[in-house]
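**Student:** Dropping a structure here in structure tokens format, bear with me for questions.
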């Protein structure tokens, strides 16, 4: 895979933040700690995409950047995670980074994180342009990679000593994903009509036209989901976004399967959990695509 790119730099870590100052996030703190533990002579390069859209939001009080760490920052005012990732790709391409690693603000990274990603980048195995760690829920269930069939995902039984897995009927979330910059473009980047939900599965699904296997990194991360809430008002707002993304995702796919296996189960679950018909009202309002 050599579409004419010339790379001067090795690896770019991208952290997407929302309503949290990046230097205070667990992810940035853990990443820096793992970089220091690796005692690497190269600098740590971090690109922060801040999606906070609060009117009075600013980071003017940010501390000095740690030694040997380069941080570039932009605030996009929350056009969606896909736009954030595509902007990160543009930055990585402009700055000649060969590999991109996507992280978010709610992930616990072990001390070996930087060293493992750096080793994978130095090996430069472009035959595996997608590399994924194991992502666990905070309660230790494996979240990603997962089985993925008929637009539904489930538990996958693997461990970090597996070097690669067959890509058929498998998907990954965005967090921790390591992507060859050239492959990002080859796979036509992220679909910006998907603001949040389904964008990872869409990207992975399209990548299967080029790949039959994905490399598994010997790394275990834990996803905290600190932004999740049991508040009904927030759940309704979140479902509004989910519903819109689902409609966009359903285009050119099997709408019947999505309706019965994804759409209806989600709607029933939320309706019963909050004992409210407001979710159905949102679903009916967004019914145009089905």
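The values are calculated or read from the model by the stated rules, or taken from the named source; none is laboratory data. These numbers come from a predicted model, not from an experiment. Here the Cβ is made from the backbone with ideal geometry for all residues, glycine too, and neighbour counts use every protein chain on show.
**Student:** Return only the number of the condition from (1) out of contact with any helix residue (DSSP H, G or I) (no Cβ under 7 Å at 6 or more places or on another chain); (2) assigned to a loop (DSSP other than H, G, I, E, B) that residue 111 does not satisfy.
**Tutor:** (1)
**Student:** From (1) touching a strand residue (DSSP E or B) at 6+ places or on another chain (Cβ under 7 Å); (2) part of a loop (DSSP other than H, G, I, E, B); (3) closer than 27 Å to residue 195 by Cβ, pick out the condition that doesn't hold for residue 65.
**Tutor:** Of the numbered conditions (1) touching a strand residue (DSSP E or B) at 6+ places or on another chain (Cβ under 7 Å); (2) part of a loop (DSSP other than H, G, I, E, B); (3) closer than 27 Å to residue 195 by Cβ, the odd one out for residue 65 is (3).
**Student:** Now for a different question. Restrict the check to segment 78-91 and report whether at least one residue is loosely packed, with under 15 Cβ neighbours inside 10 Å and either over 14 Å from the mean Cα position of the chain (by Cα) or free of Cβ contacts under 8 Å to residues at least 12 places away in the same chain (or both).
**Tutor:** Yes - at least one qualifying residue is present in segment 78-91.
**Student:** Please determine, by comparing only the residues of segment 151-176 that are assigned to a loop (DSSP other than H, G, I, E, B) and in contact (Cβ under 8 Å) with a residue 60 or more places away in the chain, which one is nearest to residue 12 (Cα to Cα).
**Tutor:** 176
**Student:** Picking from 204, 214, 179, which residue would you name as being surrounded by 16 or more Cβ atoms within 10 Å (Cβ to Cβ) and either free of Cβ contacts under 8 Å to residues at least 40 places away in the same chain or outside any strand (DSSP E or B) (or both)?
**Tutor:** Going through 204, 214, 179 in turn, the sole match is 204.
So that you can scan it fast, the table gives a plain yes or no per residue for (1) modelled with pLDDT under 95; (2) within 19 Å of residue 179 (Cβ to Cβ); (3) not in a loop (DSSP other than H, G, I, E, B):
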position: 3; (1), (2), (3): yes, yes, no
position: 7; (1), (2), (3): yes, yes, no
position: 14; (1), (2), (3): no, yes, yes
position: 19; (1), (2), (3): yes, no, no
position: 34; (1), (2), (3): no, no, yes
position: 46; (1), (2), (3): no, yes, yes
position: 54; (1), (2), (3): yes, no, no
